Every structure is written in C-alpha cells, then in structure tokens.
Amino acid sequence: MLEIKNLDVSVEDKQIIKNLNLKIGPGEVHAIMGPNGSGKSTIAHTLAGKPNYLVEAGNVDFKNEDLIAKDPYERSLLGLFLAFQYPIELPGVTNASYLKQILNAHRKSRGENPIDAGEFLKILKEKSRNLNIPMEMHSRFVNAGFSGGEKKKNEVLQMDLLDPSLIIMDETDSGLDVDALKSTSEAVNKLRDGKRSFLIITHYLRLLEYIEPDYVHVFGDGSIIESGDKSLASRIDNEGYEVK
Amino acid sequence: MNKINKDNFKQDAYKYGFVTEIEDEKIPKGLNEDVIKLISSKKNEPEWMLEWRLAAYERLKSMEVPKWARANIADIDFQDLYYYSSPKDFKDKPKSLEEVDPKLLETYEKLGIPLKEQEALAGVAVDAVFDSVSVATTFKEKLNEIGVIFCPISEAIQRHPDLVKKYIGSVIPVTDHFYATLNSAVFSDGSFVYIPKNVKCPMELSTYFRINASETGQFERTLIIADEGSYVSYLEGCTAPMRDENQLHAANVELVALDNAEIKYSTVQNWYPGDEDGKGGIYNFVTKRGLCKGKNSKISWTQIETGSAITWKYPSCILRGDNSTGEFYSVAITNNHQQADTGTKMIHLGKNTKSRIVSKGISAGKSSNTYRGLVNFHRKAENSKNFTQCDSLLVGSSCKANTIPLTENNSNTSSLEHEATTSKISDDQLFYCMQRGLDAEEAQSLIVNGFCKEVLQQLPMEFAVEAQKLVSISLEGSVG
C-alpha cells in the first residue's frame, strides 16, 4: 500500500524529517506517537502534498505510484485521505454542496457520471445518521462556526464518502470530549474492512484505546526510533516519551 | 514541489469574442448636429425628441470629460467614433421573427439567448439590442395582454410619447455629467418598461446588449417605470467581440418606482475585457439611477461585473418616498489588466428610508478594483438607516483593491453601519479542497463562489447558475 524510503523533508529551510522509513500493508493500522513539536504532523502533510513541505531525499511509493511526483488533488483521487487536525473553514460554501462536489470529483476520476441529487441526499442521510450528524449541519458553511467535535465528525464523514484506501489521521482526538471521541472512533472502526489502511498520528494513548493499532511507532528527532505492537503505546503512556 | 503559484497568468477563453459577418450601415463618424439629426430621423422620432437631444448636445459642448476615476483611461477622440450602426437595410424593426436576418438569430443562439419563443427560457422575455438597434423582442403580445409595455425605447418614443416625455431625464438630468449628457444627445436603443398599477409582472424581463460593429460606441438608454403597487424583475446581459481597440459603451438607465412599487434590476456584465496584456476591451461608463418616488417603494440593484477593460459605474437610489428602500448587491471581478471603479450612491431624502449595500470585489492578475460609495442622509430623512458591507478578495500579489466609502449624515436620528474586510484566498483553504480531490482551479472557484454567495443568491434563479460559472471562468488562469 504505502512505502516510505529514506525520506528527508524540510519546511522553510529547516529539516524536520530525517531518513524516515515506514511500510504499511493493506488493511494495517499503524500509529505514530511522539511528543508535541517532534514534527510527526509533518509526515501527514508531506504525504498529502502540502505546499512548502520540501522532499529533499528519499521516495514514497503509494499503490505502486510515485506519490511525491503528484499534485495534492491527484493523491486524493488515488485514494489518500488526510483528516486534518484543524479542518479549514470555507465561508459561503454550504457543507452539502461541498460534499457533493468532492464526491463528484472522485466519481469523475473513476469515469462515473455526477451523482443524482436524490441519490446523494440518500447517501448523505445514511452516513450522517451513523455519525449522529444532524442534517441541519449540511446547510451551514463548511466548518465555519462548527464546534471541535462537529469539525472532526465532518472529517470522518468525508472519509466515509470518498472511500479512500489510506486514511491518515492527524491528531484527530484533539479537541474532542469523551463522548465525541467515542462516537468518532466507532465511525472510524466501521471503515476498517481489512483492506483499507490507516496511519494514526497522535500524542496520547486515549485514541488508540478506541481504535486499536496493529503497529505502534515512536517518533523522535525526525525519525522512527522504536516500533512495536500496541503494548508499546501503553508503556509510553505510563513512562512518558523520555524514558526508553 | 507542488507550490501553488498564483502569479501565473494565461489568457482565459472569452467565449463571446466572435464577430457576426453581417453588412452594417453606419452614419458618418463624428459628433455634431447633423449626426444627431440623422440618428433621430433613423429612429423616426417626433420633433420634441430631437429638440431634447439637441439641447443636450448644446450643453455637452461646454462640459469636460471627467477624470477622477481610479483608472488609467486612454484619451477618447469623440470625433473619431461611429455613433450609429445597424444591420444593413434595417429600416423598420422586423414585425416578427420570420423577418429577422437568420444571421442575427444565430448570433443570439450562439450567445445562449434563443429568441424563438418556443425555445426560449420559460418565464423570460428578451429584448435583443444589436449595436444601435433592437432586433427582436419576445413575448411582447403576451405581456401586452396584462398592460405591461416591454419594447425598445425607440418604439416607446413613437407609441407612448406621454410616458417617455414625463419620465426620461427625470432621474438622470440631461446635464448630470459628461457621459450622461453625451448619451442624452446620441442614445440609440435600449429597453422601455412600464408596469401598470397593481400588476406583478409574471415574467422576468431582460435585455441582451451586443456590440458587433468596430469603431462604434453603444449608447444604450433604458427607462423602467413601475406604477403604484406593481413589481418587476429585469435583467440585462452584455457581450462584445474581441478587438484590439477600446470601444465605448456609455449607457443611461433610469428607474422610477411609484407608491408601493418594487423594481429589481440585475446586470450580468461580460463585455470583452481585453487581452492578457491589457490590449482592447470595452470602456463601460454607465450611469444608472433609480428614483424611489413613492412611499414604501423599493429599488434593488444586483450587478455581476466580470467583463470590460474599464468598468466605471455607480447604480444608485434616490430614496424620496417615505419608508422607501434601496439595495445594492455587487460582485466585481477584475483579472489581468482590468480596472473597475464601481459602487453606489444611496441618497436618503424621505423619512424612515432604508438602504443596504453589499459589495464583493475580487482582484486577480495585475488588475485594480475600487469600491466607491456615498451614503447621504438629508436633514429631513428622519429615522433612516444604512448598512454597508464591502469585502475585497485578493488573488495573487500583483493586484490592487481600494475601498472609498463616503458618508454624509445631516439627520440626527439616522444611523449608519459599515463593515469592510480584505482577505486573500489562503493557501490552507486551497490545500484543504485539493486534499479532497479538487484541482487548483476548482478549489479556487469554490472559494470565490462562496465569497460571492450573498450577492449571487440575489439573482433570478434562471441566471444564478450561469453567473456562478461566469465567476469561475473570469478567474481562469489566475492559479497555476
């Protein structure tokens, strides 16, 4: 699915990622944990192709394609989804029309016709119900004035709608209370179908108690310094990042 | 790697830049009494109309071309212009579509305005103005049945002289300013609308202006009168061929709303904007003014300004009737070397008058975009209110946006509210949309349409979708 080899990344002339290697197979759930400010979110942004994140060395193979050579929208159409830590507001754009437009962009790339309005409404109702999203939210502007929980739910709704093969979650647990964390995680777990892969970036153990990873990596000093199974996450939670 | 480069420009495709190969008939170049007499005789005008024109011309001789716009305007040689051009042998307006030159019908077809009634957009009547003449007006008879007059102004001058005499020049005085006076002397065609008492006009009325001939100015004159208790929604569209020269469109539009009447006037202006180096394009110098003459009357202007090399206009409302309301909703988009200096004037004279201004300026490329507005409360305009919101959106770093809001408050009991913002399309917004599968152009278009939403939704439904597309097309090439 995804293979990162010897990756160096710099942002505004400062090297953040140094010689990163990571391989994610189909259906696998990987978690990257690391202290605040360690640059673990840089991995997410680099994979999604954020401007100004410069790949200085190494390469990334995604579904047998050279990911780094592609534009951000091409990566999305290829099946890479990044759930943002801080979803962006789009004033004046209603959520429903936005969701329909991004869905149609993906349908178009698959050679399908734009979705019929009635069918879209049906799908939107069903998927919103699963996430306890009231339909009223879709007539508001994208993320504008949304609570932290609503923004994150809206991200999960989009990943459900676009049916990606790799989901990268960047600090999805931040800003969520226990109930919202639980329902969001449940929705994410429903997307675990044995084929779809996940890369979960988080500071805390609590998200991983709801979404159980197959592998846990500890990120520090621009690279992965330790890998293990989910027991590694519990150890870090008890002992902190400083203790090895 | 994937740097979003917003300073790259490519020529956007102006879809309406074609020329109709049709023989035209022009009167000699130049501005003088003979030319004015010739225009008047071509239109079979009564004597009083010619005298009115000549009086305007007399005044014009002592007037100066205004220079205060925040725009670089090349000097115009008013003696080197054609003031009248029509398709050859176009003596009388065709009585029916069968008599209209098929080339003209084809032209409007290509512009997306079918004139055959059975093919036309349901619920929209169209007056098609080609250079200096109206070539067809649809649904005239049907409207006539309920007393609505919708015809070219040249026809109204002959058939409804009392109405024209009473109202022409009553909102924009003949002597108002150079271009308004020039228009009064040489105006050619435009639309005339009269809605009788207590009639809600059942169709959208629209005029489609097309400039085709070269070296020719178009001097549109439109007059709309809504009698007591009536309602009308009117829309105009405009396009022109791509040419290296600058062409002048100097229009006068007057609206009069009597007691309890409402006029909604929408413009989708897409004149040729010139090429990416700023060569050619229309000079769109237009005077538009509405008079809320009666109590409880309302005039609402909505404009989507995407075309023209230079747009210079201030659709305004004079709120004379007590409790009258004026509105101005505007989207002005400039790209490449386009210049816009546009806004509105709200003149509050009556008691309890209200006005609302929502202006959205979008600048890209090397363009310049100015909002200029005046809100004036007269001493007697007790308890009046204005709300103004001016938002500017910058695309790239080589464009300019200015906001010049003036207020004059002579009433102790009136209040003004003003909000203004300037923002750039953020890289974060673009990246977010692109991460979900939209390419750079689609992402930008989504964000810009969101920015304009408040104004776009004022447009009649039939045109809202087209306007959204136009907004996107106008900015094509401004993201790399």
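The values are calculated or read from the model by the stated rules, or taken from the named source; none is laboratory data. No experiment lies behind these values; they were computed from the predicted model shown. Positions of Cβ are generated from backbone atoms using ideal geometry, with glycine treated the same way; all protein chains shown enter the neighbour counts.
A few remarks follow.
- Flag for A:Ser109 being over 22 Å from A:Pro72 (Cβ atoms), of a type in the set (Gly, Ala, Ser) and touching a helix residue (DSSP H, G or I) at 6+ places or on another chain (Cβ under 9 Å): no
- Filtered by the rule that a residue be surrounded by 12 or more Cβ atoms within 10 Å (Cβ to Cβ) and polar (S, T, N, Q), the range B:34-80 gives B:Ser40, B:Asn44.
- Test: B:Ile404 is at pLDDT 90 or above, more than 14 Å from every other protein chain (Cβ to nearest Cβ) and in contact with a Phe, Trp or Tyr (Cβ under 9 Å, 6 or more places away or on another chain): yes
- All conditions in (1) part of a helix (DSSP H, G or I); (2) at pLDDT below 90; (3) among the acidic types (Asp, Glu) hold for B:Glu58, with the sole exception of (2).
- Scanning the range A:50-79 for residues that are touching a residue at least 40 places away in the same chain (Cβ under 8 Å), surrounded by fewer than 23 Cβ atoms within 10 Å (Cβ to Cβ) and at the interface with chain B (Cβ under 9 Å from one of its Cβ atoms) turns up A:Asn52, A:Tyr53, A:Leu54, A:Val55.
- Residues in the range B:432-447 that are under 17 Å from A:Asn143 (Cβ atoms) and more than 7 Å from every other protein chain (Cβ to nearest Cβ) were compared, and the one that is modelled with the highest pLDDT is B:Cys433.
- Checking each residue in the range A:182-208 for being in the same structural domain as A:Phe219 (by TED's automatic domain parsing), farther than 20 Å from A:Leu22 by Cβ and hydroxyl-bearing (Ser, Thr, Tyr) picks out only A:Tyr204.
- Residue within the range B:389-396 that is away from chain A (no Cβ under 14 Å) and more than 24 Å from the chain's Cα centre (by Cα) present: yes
- Within the range A:89-112, the set of residues being on the phi < 0 side of the Ramachandran plot, outside any helix (DSSP H, G or I) and within 12 Å of chain B (Cβ to nearest Cβ) comprises A:Glu89, A:Leu90, A:Pro91, A:Val93, A:Thr94, A:Arg110.
Table: residues versus (1) among the basic types (Lys, Arg); (2) assigned to a strand (DSSP E or B); (3) surrounded by fewer than 16 Cβ atoms within 10 Å (Cβ to Cβ).
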| position | (1), (2), (3) |
| --- | --- |
| B:Val358 | no, yes, no |
| B:Arg379 | yes, no, yes |
| B:Ser397 | no, no, yes |
| B:Pro405 | no, yes, no |
| B:Glu417 | no, yes, yes |
| B:Ala420 | no, yes, yes |
| B:Gln429 | no, no, no |
| B:Leu438 | no, no, no |
| B:Asn449 | no, no, no |
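- Odd one out for A:Glu226, checked against (1) in contact with a helix residue (DSSP H, G or I) (Cβ under 6 Å, 6 or more places away or on another chain); (2) not in a loop (DSSP other than H, G, I, E, B): (1)
- Test: residue in the range B:22-41 that is touching a helix residue (DSSP H, G or I) at 6+ places or on another chain (Cβ under 8 Å) and closer than 30 Å to B:Arg372 by Cβ: yes
- Only listed residue being in contact (Cβ under 8 Å) with a residue 60 or more places away in the chain, crowded, with 22+ Cβ neighbours inside 10 Å, of a type in the set (A, V, I, L, M, F, W, C) and under 27 Å from B:Ser423 (Cβ atoms), chosen from A:Leu47, A:Leu82, A:Leu2: A:Leu82
- The helices (runs of 4 or more DSSP H) found entirely in the range A:113-206 that carry 1 or more residues being within 16 Å of the chain's Cα centre (by Cα) and touching a residue at least 40 places away in the same chain (Cβ under 8 Å) are A:148-162, A:178-190.
- Residue within the range B:363-378 that is more than 26 Å from B:Cys317 (Cβ to Cβ), within 14 Å of another protein chain (Cβ to nearest Cβ) and not polar (S, T, N, Q) present: no
- Of all residues in the range B:250-296, those satisfying the criterion of being basic (Lys, Arg) and either under 27 Å from B:Lys67 (Cβ atoms) or under 18 Å from the mean Cα position of the chain (by Cα) (or both) are B:Lys264, B:Lys279, B:Lys288, B:Arg289.
- Every residue from the range A:25-73 that is among the hydroxyl-bearing types (Ser, Thr, Tyr) and assigned to a loop (DSSP other than H, G, I, E, B): A:Ser38
- Condition broken by B:Gly450, with the remaining ones in (1) in contact with a Pro (Cβ under 8 Å, 6 or more places away or on another chain); (2) more than 7 Å from chain A (Cβ to nearest Cβ) satisfied: (2)
- In the range B:330-356, the residue that is surrounded by the most Cβ atoms within 10 Å (Cβ to Cβ) out of those that are touching a strand residue (DSSP E or B) at 6+ places or on another chain (Cβ under 9 Å) and part of a loop (DSSP other than H, G, I, E, B) is B:Thr353.
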